[in-house]
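Written out below as structure tokens is the structure these notes cover.
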Amino acid sequence: MSRFNKLFPKIDTFSLQFRLTIGIIIVSAFGLAGLATWTGWKMQRILIDSHKRNIQEIASRLPRDVEVYSEMLPIETALQKAIDNRTENDTLLWVKSQDTNQIVAKSNNLNPVSGSNIAKLISITEMPDKAEIYVVKGHYFVLCGEKLRIKGKLIGEVSIAQDITRDQTMFVTLLHNVGIAGIVVIVIISATIAFYIKNSLQPLRQISQMTAVIQAEDLDSYKLHLAQAPTEVKELAQTVNMMLSRLSQAWEKERQFTSNISHELRTPLTVVYGYLQSVLRRQQNLTEIQKEALQTAASEAERTIHILQDLLDLVRIDSRYGNFDIKPCRLNDIVSDVVKMAYKNSNRQIEIEAPTHPIIVKADSNKLEKVLLNLIDNAIKYSHPDTPIIIKLKQIKNEGIIEVFDNGYGIPLQHQSRIFERFYRADEARSSSGGTGLGLSIVKSFIESMGGTVMVSSKINQGSVFTITLPC
């Protein structure tokens, strides 16, 4: 099985290439087999018919030869002489008496004692009027019999047998060789067809490979170019290019809309939030209900401003306008500063496990701080208040690694591959905590823009681990 997998590593039985190849091979195989069968049958008919005509001609001429010789010789001598003249190495003739059913004349090569095949032929009581094929112990004979009349008098029955075993064996050998040659031809045709179909479908694979690597930000500049492709494939490539152009326009409109709406809404919301805070600072004349309403409005305004800021960050990354000041950063110091800020805002126990030596990574320190604050904020929201948040730092080869541990609710396995998607929230518990589904998307975008990776590992009711890897 392993050897088969090495020879045929990728065989997709539902692929167009596989179906076309198998279909054409089956049709070709049946076509060649049918042609070979018909040709063999036709050749055998021609071979047998020639032998049949030969012995029927002997059977029809023998009585005339006997009549001619009987004019000069006794009837027995004339009969034997006529038989001797018609005898060949592979042809046997004998005449049986009409009354006694005994052989009255025979060819010189007919000796019943010498072979059981000949004895069995002679023992046949009724010979066919028309030439027919008989098989005797693996030997093939064409037999024919005819009444022998001389000058209107019935002398007996003449029997003629021609041994065609040699011709038949050669014919069977020829068919065997033709069969082997046919199999070889089918194999060669199959390989040729498979190679030709594979090359013919190569432009489609190129289209698939090209479109597979297209990113949203490449839509406006990416075009499919297939110089040596069939007309239908070129038309498909043109259609794909038109679709990419329409997607690019739609993507640009969506991105521009998001950017514009974020800019337009952030300013008035910031003003509203400022007025709300100002009113709350002068709350002596406010009732408790009014204070609660104003605090709720201020909280929601602040939350909306954060959402708009996240959207702007994502738009900048998508449009490649986000400025990343990537330079060597001391990871230990960045994590220490972030932990201090997080503790000040949440008063939550946060522990750092880091080596004594500095870990220097290539990153934008401001963006990395925002990423870590986001992960710590998630860990605080989705874990038990009396459990600590642990941040581990380490260096493996040329990579700096940050791990953020929490002992929270955990993330179901089916959601772990999607939590970095925009606006995606795994469950109702996360939705009710005030999240928007943009934080982890920003984390992923920032880290990947700095040449790193981020992934998550989580178990239900045991907590989650977010791992960030950055180049040193």
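The values are calculated or read from the model by the stated rules, or taken from the named source; none is laboratory data. Just so we're clear, the structure is a prediction, and the values are computed from it rather than from any experiment. For neighbour counting, all protein chains shown are included, and Cβ atoms are generated from backbone atoms with ideal geometry for every residue, glycine included. These accessible areas exclude ligands, DNA and RNA; they are computed on the full protein's heavy atoms, side chains included. Shrake-Rupley method; radii C 1.70, N 1.55, O 1.52, S 1.80 Å.
For the range 67-187, what is the charge dipole size about the Cα centre, in debye to the nearest 20, if Lys and Arg each add +1 at the Cβ and Asp and Glu each add -1 at the Cβ?
120 debye
How do Trp38, Trp94 rank by accessible surface area computed with a 1.4 Å probe, from largest to smallest?
Descending accessible area places them as Trp38, Trp94.
When we measure straight from the Cα of Lys459, which lysines land under 30 angstrom away, once same-chain ones fewer than 8 places off are left out?
Qualifying lysines at Cα under 30 Å: Lys340, Lys344, Lys367, Lys370, Lys381, Lys392, Lys394, Lys397, Lys444.
Cα-based count: Lys pairs in the range 73-214 below 13 Å, eight or more positions apart or different chains?
5
How much FRET efficiency would the formula 1/(1 + (r/R0)^6) give for Lys291 and Ile396, where r is the Cβ-Cβ distance and R0 is 56 Å, rounded to 0.05?
0.60
Counting other Cβ atoms within 10 Å of each Cβ, which GluC sites (Glu not before Pro) in the range 358-428 have at most 15 and sit in a DSSP loop?
Glu421
In the range 343-408, what trypsin sites (Lys or Arg not before Pro) fall in a loop by DSSP, with at most 12 other Cβ atoms inside 10 Å?
For trypsin sites (Lys or Arg not before Pro) across the range 343-408 that sit outside H, G, I, E and B with at most 12 neighbouring Cβ atoms in 10 Å, the list reads Lys397.
Just to verify a number: FRET efficiency for His306 and Ser346, C-beta to C-beta distance, R0 = 22 Å, to 0.05?
0.90
For a quick check of your reading of the filter: which trypsin sites (Lys or Arg not before Pro) in the range 102-194 sit in a DSSP loop and have no more than 15 other Cβ atoms within 10 Å?
The qualifying sites are Lys130, Lys137, Lys151.
Find the centroid of the Cα atoms in the range 79-110 and in the range 31-51, then give the distance between the two in whole Å.
The distance from the Cα centre of the range 79-110 to that of the range 31-51 comes to 33 Å.
Note down the nm distance, to one decimal, between modelled labels 7 Å out along Cα→Cβ at Lys362 and at Gln228.
If labels sit at Lys362 and Gln228, their model points lie 3.8 nm apart.
Straight-line reach from Lys223: which aspartates and glutamates fall under 14 Å, measuring Cα to Cα and dropping same-chain residues less than 8 apart?
Glu235
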